[in-house]
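Remarks on the structure that follows.
Computed from the coordinates by the stated procedures, all read-outs in this text should not be read as laboratory data. It should be emphasised that the depicted structure is a prediction, and the values quoted were computed from it without experimental measurement. With ideal geometry, Cβ positions are generated from the backbone for all residues, glycine too; neighbour counts draw on all protein chains shown.
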């Protein structure tokens, strides 16, 4: 039996390593990867090594803190965007805090300035941790922890 946490269609989360709190996150079970809105995303050269530089959120966002981040460890991934186009995005690993727990998360960095939610949480992060109930919202923020225990079905019962 596996335990899963019930999460609604949107919530608020903290990103302790990025020094960001109460950031709006949209649960997007249609997206595979998770993404975070950034600006000034660029590769820079520091003593002959490539580093990734960016600022999280937009300056007009309530939690914007104008901190610049430089990542030593990053990758580049091909992602299909919401409009169906393939694009390359930089990807970093960090921590997200939901339901008073820290979880590792891989985030692609994208320009999402026109979007209502600066963060999308995709299936790669959600699977094996959460079950989504689209009728609920802000369960983590309200500190409403609903755990579900899922039984693994026997393969012969699935096809009846």
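Given contacts defined as C-alpha pairs under 8 Å and at least six residues apart, what's the relative contact order of the stretch 2-153, whole-number percent?
Taking the mean separation of contacting Cα pairs over the length of the stretch 2-153, I get 40 percent.
Regarding the stretch 100-145, what is the average projected area of its C-alpha convex hull, in nm²?
If you wrap the Cα atoms of the stretch 100-145 in a convex hull and average its projections, you get 4.3 nm².
So if we plug the beta-carbon distance of residue 60 and residue 106 into 1/(1 + (r/R0)^6) with R0 = 25 Å, what FRET efficiency do we get, rounded to 0.05?
Computed FRET efficiency for residue 60 and residue 106: 0.40.
What does the extension gain come out to for residue 127 and residue 17, with contour length at 0.36 nm per residue minus their alpha carbon separation?
Going from the current span to full extension adds 37.3 nm.
So, in nm, how far is label residue 39 from label residue 87 when the simple model puts each one 7 Å beyond its Cα toward the Cβ?
1.5
Considering the chain, what Rg and Dmax in Å follow from its alpha-carbon atoms?
Rg and Dmax of the chain, Cα atoms, are 17.3, 63 Å.
Among 69, 125, 103, 15, which comes first, second and so on when ranked by fewest other beta-carbon atoms within 10 Å?
Result, fewest neighbours first: 103, 69, 15, 125.
Would you mind telling me which residue in 29, 82, 140 has the biggest mean-square fluctuation in a Gaussian network model of the chain, where springs connect alpha carbons within a distance under 10 angstrom?
82
Would you list 89, 129 from fewest to most Cβ contacts within 10 Å?
By the 10 Å Cβ count, ascending, the order reads 129, 89.
Return, ordered by residue number, the residues of the stretch 71-95 whose backbone nitrogen is under 15 Å from a label point located 7 Å along Cα→Cβ of residue 49.
Flagged as within label range: 71-75.
Between 130, 56, 36, where does the largest GNM mean-square fluctuation fall for the chain, given springs only between Cα atoms within less than 10 Å?
Result: 130 has the largest fluctuation of those listed.
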